[in-house]
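Just so it is clear, none of the values below were taken in a lab; they were calculated from the coordinates. The shown structure was predicted, so the numbers you read here are calculated from the model rather than taken from an experiment. Don't worry about glycine lacking a Cβ; one is built from the backbone with ideal geometry, like all the others, and counts go over all protein chains shown.
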Amino acid sequence: MTMLAHRTSPLWIAALVHRLSGIALAIFLPLHFLALGLAISGEARLEAFLRWSDQPLVKASEALLVGLLTVHMLGGLRLLALENLAWHRRQVWFALLAIAAAMLVAFAFLASVV
Amino acid sequence: MNVRLYVWQRLTAAAMAPLLLVHLAVIFYATRKGLSAADLLARTRGSVSWAGFYGVFVSAVAVHAAIGVRTVLSEWLPLRARHADVAAVLFGVLLAVLGFRAVAAVVLP
């Protein structure tokens, strides 16, 4: 139990969120590139895909991906600051801020497309 | 992770931060009234600027993601270091090929 005590730390959770969002983005990216590559076969193929992506579930997934992208970027910036600047006692707040900002961006995206 | 990979991981992360901000702005701008292939391609086809921007983005993301995948594979799976290296390189090459193909698809006239 003591060995796992650190896993309740917000900074450990922030590191886990950074890793999981990175894995999700790594899975998504080839699919994203394949979708854009449809334009090679002509505008109509890309347009057909974009109309398919109008489905609510796809829009929700896109919002989730925008949130994951934002949280991974902010988490990465937090990591760069942590490694290159002096320790700041508000590191926990930066981590929470990154997650809150990512959720805000994801919901803003969802609101802008529905 | 060795020092060289660590430096590449951090350098590509720092390089991608401003690119990601622009990309997020583009996502919001392009999708605000519904995204159509005609609108998207009208802006990108023949654009040297978008080709350069997303060309750099794809290069950075292929390196960054490959190193990240290598770290996850070596830390979370019982893989030999050599196998994790090979998987990461293959993933990076796959991302670069698909990414440059996608850029070409939307910028070439």
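Annotation for A:Ala24 and B:Val56: the two label points, set 7 Å from Cα along the Cα-Cβ direction, are 2.8 nm apart.
Each of A:Trp52 and B:Val97 was given a label point 7 Å from its Cα along the Cα-to-Cβ line. The distance between the two points is 2.2 nm. Using only Cα atoms and rounding to the nearest 10 degrees, what angle (0 to 90) does helix B:81-107 make with the longest principal axis of chain B? In chain B, helix B:81-107 runs at an angle near 10 degrees to the longest axis.
The loop-placed trypsin sites (Lys or Arg not before Pro) in region B:1-95, going by DSSP, that have at most 16 neighbouring Cβ atoms within 10 Å of their Cβ come out as B:Arg32, B:Lys33, B:Arg45, B:Arg80. The shape of chain B can be summarised by an equivalent ellipsoid whose semi-axes, obtained from the alpha carbon gyration tensor, come to 31, 14, 13 Å from longest to shortest. When the trypsin sites (Lys or Arg not before Pro) in region A:1-103 are filtered for DSSP coil states and for at most 16 other beta-carbon atoms within 10 Å of their beta-carbon, the remaining sites are A:Arg89, A:Arg90. Taking the Cα centre of region B:3-107 as origin and assigning +1 to Lys and Arg Cβ atoms and -1 to Asp and Glu Cβ atoms, the resulting dipole is close to 60 debye.
Here region B:1-58 and region A:12-63 have alpha carbon centers that stand 14 Å from each other. Comparing B:Gly34, B:Gly99, B:Gly68 in a Gaussian network model of chain B, where Cα atoms under 10 Å apart are tied by springs, the biggest mean-square fluctuation is seen for B:Gly34. Computed from the Cβ-Cβ distance with R0 of 35 Å, the FRET efficiency linking B:Ala81 to A:Ser9 stands at 0.75.
Given the -39500 (n - 2.57) contribution per DSSP H run of 4+ residues, what per-residue ellipticity at 222 nm results for chain A, rounded to the nearest 500 deg cm²/dmol? Taken over chain A, the calculation gives -27500 deg cm²/dmol.
With helices as the sole contributors, chain B gives -30000 deg cm²/dmol at 222 nm; each DSSP H run of n ≥ 4 counts as -39500 (n - 2.57), and the sum is divided by every residue. When the chymotrypsin sites (Phe, Trp or Tyr not before Pro) in region A:69-114 are filtered for DSSP coil states and for at most 15 other beta-carbon atoms within 10 Å of their beta-carbon, the remaining sites are A:Trp87.
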